[in-house]
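Chemist: Please see the structure below; I have some questions.
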Amino acid sequence: METSELDAIIARHKDRKGALLPMLHDVQHAFGCIDAKAERAIAEALNLSRAEVHGMVSFYHDFTPAHDPRPVVELCRAEACKARGVEALVPAAEAAAGERVNLKEVYCLGLCSMGPSARIHGKLYAGLDEAELVKLVKTA
C-alpha cells in the first residue's frame, strides 16, 4: 500500500463530518483492500480506536482486508431475490465461477422488484435466469 496515496486520501477526508465511510470507500477503491496498516492510519487521523475502524471494515461487504485480484460477481441473496428464484441459480453460478471468479453473496442491490440481480464491475443486472447469470460469471 503506497503511503503517500493513503496519506492523500486521509488528508482529503479527515476534516469532513462523517469522514470514515467516504475514506474507507476511497481506500478500498485505490488499493483493492483496507489492510491493518490503513486501519491504523485512518484510526489515528480520525481519533478513533483501531477496533472502531476495523468494526466498520468488517461490517460492510464492500470492504475487504486483503486484495483479491479475481473479478467479483456480487449476487443478491436477499429475501426479494430469494422469492424470485436466486437460490436455484447459485449452483450453476458457483460452477461457472470456479476459482477464477470471486462469487460474493450480498444482501440487497436495490432491484427487489426485478430480481434475481447481480453487480459486476459496478454495473447492475436484473431479471437474471441461469443462462444469463452463467454467461455474466464466465465473462467477468
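Nothing in this text is a laboratory measurement; each read-out follows from the coordinates by a stated rule. Predicted model only: the values in this text are computed from it and were never measured. Using ideal geometry, Cβ is built from the backbone for each residue, glycine included, and neighbour counts are taken over all protein chains shown.
Chemist: Mind checking the stretch 1-107 for chymotrypsin sites (Phe, Trp or Tyr not before Pro) that DSSP puts in a loop (not H, G, I, E or B) and that have at most 15 other Cβ atoms within 10 Å?
Modeler: TYR60, TYR107
Chemist: If a cysteine in the chain has no other Cys Cβ under 4.7 Å from its own Cβ, put it on the list, ordered by number.
Modeler: Here CYS33, CYS108, CYS112 come out as lacking a disulfide-compatible partner, given the Cβ-Cβ threshold of under 4.7 Å.
Chemist: May I pose another question? Quick check: the angle from helix 50-59's long axis to the longest principal axis of the chain, C-alpha only, nearest 10 degrees?
Modeler: For 50-59 against the chain, the angle is about 10 degrees.
Chemist: With 31 Å as the limit, write out which pairs from LYS14/LYS82; LYS17/LYS123; LYS82/LYS135; LYS82/LYS123; LYS17/LYS37; LYS14/LYS123 have Cα-Cα distances beyond it, or answer none.
Modeler: Correct reply: LYS14/LYS82.
Chemist: List residues of the stretch 110-136, by number, whose backbone nitrogen lies under 19 Å from a label position 7 Å along Cα→C-beta of VAL72.
Modeler: Taking a point 7 Å out along Cα→Cβ of VAL72, the residues of the stretch 110-136 whose backbone N falls under 19 Å are 110-111, 117-126, 136.
Chemist: Next question, about the same structure. List the longest stretch of the chain that has no exposed loop site; here a site is one of the trypsin sites (Lys or Arg not before Pro) assigned by DSSP to anything other than H, G, I, E or B, with at most 16 other Cβ within 10 Å.
Modeler: 18-99
Chemist: Shifting gears a bit: How large is the helix-only mean residue ellipticity at 222 nm for the chain, computed as the sum of -39500 (n - 2.57) over DSSP H runs with n ≥ 4, divided by its residue count, in deg cm²/dmol to the nearest 500?
Modeler: About -15000 deg cm²/dmol.
Chemist: Same structure, new question: What net charge do the residues around PRO22 carry, taking every other residue with its C-beta under 10 Å from that of PRO22, with Lys and Arg at +1 and Asp and Glu at -1?
Modeler: +1
Chemist: A follow-up question, please. Can you give the alpha-carbon Rg of the chain over 2.2 N^0.38 Å, where N counts its residues?
Modeler: The reported ratio for this selection is 1.20.
Chemist: Follow-up. Want the number for ARG50 to LEU21: 0.36 nm per residue separation, take away the alpha-carbon distance, what's left?
Modeler: Length gained, ARG50 through LEU21: 9.0 nm.
Chemist: Sticking with this one: Count the net charge of all other residues whose Cβ sits under 12 Å from the Cβ of ASP68, scoring Lys and Arg as +1 and Asp and Glu as -1.
Modeler: In short, +2.
Chemist: Next question. Take the alpha carbon gyration tensor of the stretch 3-59, find the square roots of its eigenvalues, order them as a ≥ b ≥ c, and report rounded if a/c is under 1.5; if not, report prolate when a/b exceeds b/c, else oblate.
Modeler: Since a/c stays below 1.5, the shape of the stretch 3-59 is classed as rounded.
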